[in-house]
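Asks: After the C-alpha cells below, expect a handful of questions from me.
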Amino acid sequence: VEVLHKLCKIYGVSMDYMVGDEKKAPKVIETADLKKRYLSITLLSILAVWFVALVLFVSFDIFIKKDYYILFAWAVPISAVVSIVFDAIWNKCKLLFWLLSILVWSVLICTALQFFYFNIWIIMFIGIPLQIAIFLWAKMVKK
C-alpha cells in the first residue's frame, strides 16, 4: 500500500485510478518537481545558446584570427527568444512582457554595437515606442 501511495504521488493520480476503479484519465497536476524540471530545461537551452556563442568565438579566434566579441552580445536576444518560447509552452506567457522588453532592447543594443556607424541614441529612440507598445499590450491583456 505504501508503494502504491508513493506511485500515486509521483504520477499525480488517485488510488482508484491506479487500481482500475476510476475509468477517466486524471488531470495532470504540475508538481514542484515538474516546475523545477521545466526551469532546468529552459536554463540548459539558454546555456546551449551561450555555448554555441563561445564555440563560434573560439573558432573565429583560432581560424580567422579575429575577435568577434559581438557574438556574446547577440547571445542575449537569442536567449530571450529561447526564454519566450519556453515561457509560452510551460508558463502560459507569465513572463512574456518582461522577456519581450529584454528582446527589444538587446536587439537594439546589438544593432548599435554591430554597426558602429549608427548613432547609438538614434537606435535607442526606436525602443521607446516599442516599449510603450509592450506596456500597453500588457495592460490590455491583464484586463
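Asks: May I ask you to give the percent of accessible area on the chain that is carbon plus sulfur, with a probe radius of 1.4 Å?
Replies: 73 percent
Asks: Over 10 Å intervals from 0, what percent of Cα-Cα pairs in the chain sits in each interval?
Replies: The percentages, shortest bin first, are 10, 25, 24, 18, 12, 8, 3, 0.
Asks: While we're here: Can you work out the Karplus-derived ³J(HN,Hα) for every residue in region 40-47? Use 6.51 cos²θ - 1.76 cosθ + 1.60 with θ = phi - 60°, whole Hz, and x for glycine or proline.
Replies: Running phi through 6.51 cos²θ - 1.76 cosθ + 1.60 with θ = phi - 60° gives 4, 5, 4, 5, 5, 5, 5, 4 Hz.
Asks: Sticking with this structure for a sec: Starting from 0.36 nm per residue, how many nanometres of slack lie between Met15 and Leu113 once their C-alpha separation is accounted for?
Replies: Full extension from Met15 to Leu113 adds 29.3 nm.
Asks: Between Asp61 and Leu4, what is the label-to-label distance in nm when each label sits 7 Å out along the Cα-to-Cβ direction?
Replies: Modelled inter-label distance: 6.1 nm.
Asks: Additional query: Please compute the per residue accessible area over the chain with all protein chains in place, 1.4 Å probe, rounded to a whole number of Å². Let's see the in-between values first.
Replies: Details: 10930 Å² over 143 residues.
Each residue of the chain exposes 76 Å² on average to a 1.4 Å probe.
Asks: What FRET efficiency do you get for Ile41 and Phe97 if R0 is 22 Å and r is their Cβ-Cβ distance, rounded to the nearest 0.05? Show your work: numbers first, answer last.
Replies: Details: r = 22 Å, r/R0 = 1.00.
The formula returns an efficiency of 0.50 here.
Asks: Still on this structure, please answer the following. Can you list the HN-Hα couplings for region 100-106, worked out from phi with the Karplus curve (6.51, -1.76, 1.60; θ = phi - 60°), rounded to whole Hz and with x for Gly and Pro?
Replies: Per residue, the Karplus-derived 3J(HN,Hα) values read 5, 4, 4, 4, 4, 5, 5 Hz.
Asks: Per the helix-only calculation at 222 nm, which mean residue ellipticity applies to the chain, given -39500 (n - 2.57) for every DSSP H run of n ≥ 4 and division by its residues, nearest 500 deg cm²/dmol?
Replies: Rounded to the nearest 500, the figure is -25000 deg cm²/dmol.
Asks: Got the relative contact order for region 51-96 handy, in percent, Cα pairs under 8 Å and 6 or more residues apart?
Replies: About 24 percent, as a whole number.
Asks: Right, something else. Could you work out how much longer the chain between Ile122 and Phe135 gets when fully extended? Use 0.36 nm per residue separation minus the Cα distance between them, nm to one decimal.
Replies: Here the answer is 2.6 nm.
Asks: At a threshold of 8 angstrom on Cα-Cα distance, excluding pairs fewer than six apart, so keeping six or more, what relative contact order does region 31-143 reach in percent?
Replies: Numbers: 84 pairs, mean separation 22.2, N = 113.
Once normalised by length, the contact order is 20 percent.
The values are calculated or read from the model by the stated rules, or taken from the named source; none is laboratory data. Keep in mind the model is a prediction, meaning the values are calculated, not measured. Cβ atoms come from the backbone with ideal geometry, glycine included; neighbour counts cover every protein chain shown. When the accessible area is computed, the model is the full protein with side chains, heavy atoms only, and any ligands, DNA or RNA have been set aside. Shrake-Rupley method; radii C 1.70, N 1.55, O 1.52, S 1.80 Å.
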